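Before any comments, here is the structure.
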Amino acid sequence: MNLDFTPEDDLFRQEVRAWLADNVPREVRPADGPDMKAFDLAWQKRQYDGGWAGIAWPQEYGGRGFSTIQQLIWYQEYARAGAPYVGVNFVGLLHGGPTLIANGSEEQKTSHLPRILKGEEVWCQGFSEPGSGSDLASLRTRGEIDGDHLVVNGQKIWTSFGQFADFQELLVRTDPDAPKHKGISWVICDMRSPGIRVRPIKTIAGHPEYCEVFYDDVRIPLANVVGGLNNGWRVAMSTLGFERGTGFMAEQVRLATDLEALIATVKARVDLARDTDIQRRLARLRAEVAALQAMTYSSISLNERRGAPGAEASILRLYHGLLTQRLGRMSMEILGAGSLELTDPEEGWTGPYLYSFSRTIGGGTAEIQRNIIAERVLGLPRSR
Amino acid sequence: MDLMPSPEEEQIIDMARGLLSKELPVDYLRWEEGPAKAADRALLPQCAELGWIALGLSEEHGGFGFGATEEMLLFREVGRALVTPVLFASVIAARLAATLGESDLTAAIATGNATVSLAVPDAGGSGYFLIDAEGSDRILLVDHDSVTLLDPSAFSNRSAIRSLDPTVTLESAVLDSGAAGLQVGGRDAEPLFRHISLLIAAMLVGAAEAVRDLSVAHASERTQFGQKIGTFQAVSHPCADMAVRCEAALSQAKLAAVVVRDAGDDAEFQVTAARIVALDAALSNAAAAIQLHGGMGFAAEYPVHFYLKRAHLLDQVGGRIALQLDDLFALNA
Ligand SMILES: Cc1cc2nc3c(=O)[nH]c(=O)nc-3n(C[C@H](O)[C@H](O)[C@H](O)COP(=O)(O)OP(=O)(O)OC[C@H]3O[C@@H](n4cnc5c(N)ncnc54)[C@H](O)[C@@H]3O)c2cc1C
């Protein structure tokens, strides 16, 4: 076991650090609206122009094809430089694009991948429905074949950045008679198609981050089906695999940075100098956040040997969610009356505190992660 | 950067796990005639012969020159098998003696010719507790800021008391004023304390994993209401939480071991964190395991409680949890 980075890795780190120092936007990221979208796309364009777009994408698709260790270095430096949240580019860069790379046709790849990398195309994810969340395979939005088109009717919900997106990863039921996992298709949906209506939904953190999307006879070319008709469940699983993968390193590094800032605040506060209760709880959190980082290193080491992330990604994800929530709650306690002022989700403490509640819901709830750990890591009998 | 054990490190794990699971199965029968007669004590010479005490000592001190990583992985197995703390005390005492240039004593301890047991101070009191100290040749007193290797005659008024951890004997004693031994304290003691915390963390990781495994096995076997209890989420989710705590504690112990071995600047930070996370893993997992075993979990014949009790014992060695937390808070990141 070792924590040594190779001389090449060190050089790489210097290169990343230098580029970020010169290019990270100085302005604060707008918290919503068209300004936010413009900001996110401009930042993506800047990374593209600098040759830093698609760090995890294979080179043949315009990415950089970095190893997991290089990706870790990138995210460590990214957090260190205070670079902005990936924002509206999340879906395209971190799971939509990778899904196309793994399952898409040449035509699908060439028409979308370059535009995602350049910050010219925003994607969103239309998986969840009002009746289908954790039990995603029960989804009911219909896609009926009509000539060389699918005609889609139904509703999606919790679609992050749906109001800004150009395209959507859309799951529809194309064979209502097949067993529930067998009749689903993964399609590329143009969000400007006639018959689509998007209604933003405000979150408890105060911004309309996600949306309801209604489909009324929306015509989607059959050529937009990814990975084959009725094969969408398998494609969706690869999407979720990417979603739960390395893109998430940024948030882990960020948690450590935030905790250290909170500890520094407490150390500077005369009124808390004797509050051993707060100090000890912060110390425990500090130990656990250190362990989260060690877990990230362990899982990267395992990936490097095995070539793919496994079910233990759920362990990391769950632990991260719970620690983020504890940090948020402690920050409220430490702020005192200052906690009454709401900040944006990426700024200060109260916004991130409220946002932290989503960390054990989005991308698979804590309970679903525990199911996965119990069944696939520990081999316990399946629960219902 | 690689936190997966290397092939050589794997070998140490396999060797230790193989021997300990065969010779020291964790079964109440092992301690039926009292801890002093348990098979652990009889196995110590073999452990010494295999080089377990001298594993991390440099070759000039008669050791094998392995690093803290191998020692950590070995002690994870030691914790899983609930080996007497005499082994841990011997490793630390040999290191102390070596640091102070006492080569004869180092050799005697490393070869198992001189046995070393553990003493901890009574918090707030003036007395001491001696652990598995009957017949030992030396006693290692581990305080929060100093470590002293003493002749057993330094302690008087020794009297046997009931031990919370039934796998060890416990005595109360007083330390004679003016008793002298080999001591390090203050800044000089820091490297030794890193080792102490690292090995304690490692043993706690082994304990946390052991009770996780017992729970998973039980939940997969036991049937109630016509189904395996592991199908109930009220059972499987606590098991998942155990797995999370094990993964956190093991990863941090591995990382801390590497940093200690490489004498990194953040060694104190990382080992203290390792110890804190591992203690929580051992205690929380053991508590959950007792619950998931139902009536069996509360029965002395079933081994889960041994791990709970050992975790409480280890917490008292070299500064209990509150002091560890205070230390970690005070450090700069
Ligand atoms: C910030 C945010 C962004 C999101 N973005 C998107 C997006 O872009 N696209 C998209 O498609 N979706 C998105 N989602 C939706 C998200 O994937 C779902 O909310 C999530 O999968 C849970 O589904 P649900 O909300 O229907 O809750 P439900 O599945 O109804 O769950 C309700 C409660 O029941 C529990 N539960 C359900 N099933 C089980 C079980 N088998 N065992 C134990 N407990 C169970 C859950 O854990 C939860 O506590 C987003 C959610 C959030 C919070």
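The values are calculated or read from the model by the stated rules, or taken from the named source; none is laboratory data. Please read all numbers here as calculations on a predicted model, not as lab measurements. Neighbour counts run over all protein chains shown; Cβ positions are idealised from the backbone, glycine included.
When B:Leu73, B:Leu57, B:Leu20 are screened for being within 14 Å of chain A (Cβ to nearest Cβ), touching a residue at least 40 places away in the same chain (Cβ under 8 Å) and crowded, with 20+ Cβ neighbours inside 10 Å, only B:Leu73 passes. For B:Ala322, the conditions (1) over 20 Å from A:Gln279 (Cα atoms); (2) within 14 Å of chain A (Cβ to nearest Cβ); (3) under 21 Å from the mean Cα position of the chain (by Cα) are fulfilled apart from (1). Of all residues in region A:356-370, those satisfying the criterion of being within 16 Å of the chain's Cα centre (by Cα) and either within 14 Å of another protein chain (Cβ to nearest Cβ) or under 14 Å from A:Leu323 (Cβ atoms) (or both) are A:Ser356, A:Phe357, A:Arg359, A:Thr360, A:Gly364, A:Thr365, A:Ala366, A:Gln369. Just one of the numbered conditions (1) in contact with a Pro (Cβ under 7 Å, 6 or more places away or on another chain); (2) closer than 26 Å to B:Ile321 by Cα; (3) assigned to a loop (DSSP other than H, G, I, E, B) is not true of B:Ser163: (1).
For region B:220-250, the set of residues classified as over 31 Å from the mean Cα position of the chain (by Cα), facing chain A (nearest Cβ under 8 Å) and of a type in the set (A, V, I, L, M) is empty.
When region A:328-373 is filtered for residues that are near the ligand (Cβ under 10 Å from one of its atoms) and among the charged types (D, E, K, R), the ones remaining, listed by number, are A:Arg359, A:Glu367, A:Arg370.
Of all residues in region B:78-107, those that are closer than 24 Å to B:Asp27 by Cα and of a type in the set (Gly, Ala, Ser) total 3. Restricted to region A:131-161, and to residues there that are among the acidic types (Asp, Glu) and assigned to a strand (DSSP E or B), the residue that is farthest from the ligand (Cβ to nearest atom) is A:Asp146.
Quick check: is even one residue across region A:167-185 within 16 Å of the ligand (Cβ to nearest atom), over 18 Å from A:Ser238 (Cα atoms) and of a type in the set (Phe, Trp, Tyr)? Yes: region A:167-185 contains one or more residues that are within 16 Å of the ligand (Cβ to nearest atom), over 18 Å from A:Ser238 (Cα atoms) and of a type in the set (Phe, Trp, Tyr). Taken as a whole, the condition of being under 16 Å from the mean Cα position of the chain (by Cα) and modelled with pLDDT under 95 applies to B:Asp40. If you filter region B:264-309 down to residues that are among the acidic types (Asp, Glu) and not in a helix (DSSP H, G or I), you find that the one that is farthest from the other protein chains (Cβ to nearest Cβ) is B:Glu301. Residue check: is A:Leu322 within 30 Å of A:Gly206 (Cβ to Cβ) and more than 10 Å from chain B (Cβ to nearest Cβ)? Taking the combined requirement at face value, the residue does not satisfy it.
Across region A:113-129, the number of residues qualifying as surrounded by fewer than 21 Cβ atoms within 10 Å (Cβ to Cβ) and either touching a residue at least 60 places away in the same chain (Cβ under 8 Å) or in a helix (DSSP H, G or I) (or both) comes to 4.
Restricting A:Gly206, A:Gly227, A:Gly154, A:Gly147 to residues that are at positive phi and modelled with pLDDT under 95 narrows the list to A:Gly206.
The set of residues in region B:90-105 being closer than 25 Å to B:Gly319 by Cα and not small (Gly, Ala, Ser) consists of B:Val91, B:Ile92, B:Arg95, B:Leu96, B:Thr99, B:Leu100. Within region A:193-209, the residues that satisfy the criterion of being under 17 Å from A:Leu171 (Cα atoms) and in contact (Cβ under 8 Å) with a residue 24 or more places away in the chain are A:Ser193, A:Gly195, A:Val198.
For region A:374-384, taking the residues that are in a loop (DSSP other than H, G, I, E, B) and within 11 Å of the ligand (Cβ to nearest atom), the one that is nearest to the other protein chains (Cβ to nearest Cβ) is identified as A:Ser383.
Each row is one residue, and each column tells you yes or no for (1) touching a residue at least 24 places away in the same chain (Cβ under 8 Å); (2) crowded, with 24+ Cβ neighbours inside 10 Å.
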residue: B:Gly206; (1), (2): yes, yes
residue: B:Ala210; (1), (2): yes, yes
residue: B:Thr223; (1), (2): no, no
residue: B:Ser236; (1), (2): no, yes
residue: B:Ser251; (1), (2): yes, yes
residue: B:Ala256; (1), (2): yes, yes
residue: B:Arg261; (1), (2): yes, no
residue: B:Ala281; (1), (2): yes, yes
residue: B:Leu292; (1), (2): yes, yes
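Filtered by the rule that a residue be facing chain B (nearest Cβ under 7 Å), more than 24 Å from the chain's Cα centre (by Cα) and over 21 Å from A:Arg326 (Cα atoms), region A:266-309 gives a lone residue, A:Arg305. For the condition away from every other protein chain (no Cβ under 14 Å), among the hydroxyl-bearing types (Ser, Thr, Tyr) and within 21 Å of A:Thr360 (Cβ to Cβ), A:Thr350 qualifies.
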